[in-house]
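Undergrad: Just passing along the structure, written as structure tokens.
What follows is calculated from the coordinates using simple rules that are stated; it is not laboratory data. All of these numbers come straight from a predicted model, not from anything done at the bench. Because the Cβ atoms are built from the backbone with ideal geometry, glycine has one as well, and the counts that use them run over all protein chains shown.
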Amino acid sequence: GNSVTQMEGPVTLSEEAFLTINCTYTATGYPSLFWYVQYPGEGLQLLLKATKADDKGSNKGFEATYRKETTSFHLEKGSVQVSDSAVYFCALLYQGGSEKLVFGKGTKLTVNP
Amino acid sequence: EPEVTQTPSHQVTQMGQEVILRCVPISNHLYFYWYRQILGQKVEFLVSFYNNEISEKSEIFDDQFSVERPDGSNFTLKIRSTKLEDSAMYFCASSVGRNTEAFFGQGTRLTVV
């Protein structure tokens with residue numbers, strides 16, 4: 001079946017450090033891929049998305065590229081801020097039948113000043 | 001900016017009681033979803049709803065769960081006889097079309113005691 005594997009957290013970084021959160025997926029066909037973010041005490045917000053191979057999603061300085069050959073969608077940011085502290089979820093949406101998002105376990109990021 | 005709203009933000013209920021979680025999806029959206037997140041675990045799909053009927057449900061969504069769109073704006077999740085293991089954050093989401101990005105509400109934290 002379809003599944004998403006995210007790197008285990010928690011991740012703790014200093015402000016202005018480089019961030020990578022790894023995400024790989026297993027799916028039949030060509031899913032759409034998403035990163036959602038959950039700030040403390042809040043709901044899930046869509047951070048970025050990519051719908052086909054080689055697409056790059058970007059938002060708020062975060063980027064992720066849909067790599068079909070490695071079935072990956074790693075999240076990166078060049079310089080994190082304290083306000084980026086949150087839980088990040090990678091998710092896929094299978095385009096051929098199921099309507100459900102399949103989420104990874106989430107990676108908690110803490111950025112210290 | 002349009003958003004999905006959920007009420008209440010937190011509900012405490014006794015085991016065996018019925019609860020109704022309420023959601024107002026984004027007004028021009030046609031697909032509605034419930035997900036849940038047990039503390040420390042993955043976000044899990046429960047059910048999707050389109051054209052006034054369930055279009056997909058997970059194995060979690062057993063006979064104690066039901067969904068309804070009673071008045072054209074609200075979308076509700078009812079749990080008939082709550083169990084301790086139903087304690088979780090419940091997220092409502094909506095999307096414009098099938099297999100398009102979903103927008104999530106802030107969540108309702110359900111605590112069964």
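Undergrad: Note down the relative contact order for chain A as a percent, whole number, built from C-alpha pairs under 8 angstrom at least six residues apart.
TA: Relative contact order, chain A: 37 percent.
Undergrad: Output needed: percent of Cα pairs per 10 Å distance bin for segment A:1-50, bins running from 0 to the one holding the longest distance.
TA: Bin by bin from 0 Å, the calculated values are 18, 46, 30, 6.
Undergrad: Where does the longest stretch of chain A lie that holds no trypsin sites (Lys or Arg not before Pro) found in a DSSP loop with 16 or fewer other Cβ atoms within 10 Å?
TA: Longest gap between qualifying sites, sites excluded: A:1-51.
Undergrad: Size of the dipole of segment B:56-113 about the Cα centre, Lys and Arg at +1 and Asp and Glu at -1 on the beta carbon, nothing else charged, in debye to 20?
TA: 140 debye
Undergrad: Count neighbours as other Cβ atoms within 10 Å of each site's Cβ, and list the GluC sites (Glu not before Pro) in segment B:50-113 that are DSSP loop with at most 10 such neighbours.
TA: Loop-located and lightly packed - B:59.
Undergrad: Let me ask something else about it. Taking all pairs of distinct Cα atoms, average 1/r, flip it, and tell me the Kirkwood hydrodynamic radius of segment B:45-113 in Å to one decimal place.
TA: Every distinct Cα pair counted, the radius reaches 13.2 Å.
Undergrad: Taking the Cα atoms of the protein assembly as shown, what is the range of coordinates along each of the three principal axes, in descending order and whole Å?
TA: Largest first, the protein assembly as shown extends 48, 39, 34 Å along its Cα principal axes.
Undergrad: Using only Cα atoms, locate the centre of segment B:18-70 and the centre of segment A:63-96, then give the distance between them in Å, rounded to an integer.
TA: About 25 Å separates the Cα centre of segment B:18-70 from the one of segment A:63-96.
Undergrad: Let me ask something else. Find the relative contact order for chain B and round it to a whole percent, using C-alpha pairs within less than 8 Å whose residues are 6+ positions apart.
TA: 38 percent
Undergrad: Which one of B:19, B:31, B:54 is farthest out on the positive end of the charge dipole of segment B:1-56, using unit charges on Cβ (Lys, Arg +1; Asp, Glu -1) and the Cα centre as origin?
TA: Most positive-ward Cα: B:19.
Undergrad: Out of the trypsin sites (Lys or Arg not before Pro) in segment B:1-90, which ones are loop residues according to DSSP with at most 14 other C-beta atoms within 10 Å?
TA: Qualifying residues, ordered by number: B:80, B:83.
Undergrad: Where in segment B:96-113 does the label zone of residue B:17 land, with the point 7 angstrom along Cα→C-beta and an amide N cut-off under 13 Å?
TA: B:110-113
Undergrad: Among A:83, A:17, A:47, flag the residue with its Cα farthest along the positive direction of the charge dipole of chain A, charges on Cβ as +1 for Lys/Arg and -1 for Asp/Glu.
TA: The residue sitting farthest along the positive end of the dipole is A:47.
Undergrad: A further question follows. Rounded to the nearest 5, what % of DSSP beta bridges with both residues in chain B are antiparallel?
TA: Antiparallel bridges make up about 90 percent of those DSSP assigns within chain B.
Undergrad: What's the longest bit of chain A with no exposed GluC sites (Glu not before Pro), using DSSP loop states and at most 15 other Cβ atoms within 10 Å as the test?
TA: Of all site-free stretches, the longest is A:70-113.
Undergrad: Next question. When each pair of different Cα atoms in chain A is counted once in the 1/r mean, what is the Kirkwood radius in angstroms, to one decimal?
TA: 14.0 Å
Undergrad: Mind putting a number on the dipole of the protein assembly as shown about its Cα centre? Charges go on the C-beta only, +1 for Lys and Arg and -1 for Asp and Glu, and I need it in Debye to the nearest 20.
TA: Roughly 120 debye for the protein assembly as shown.
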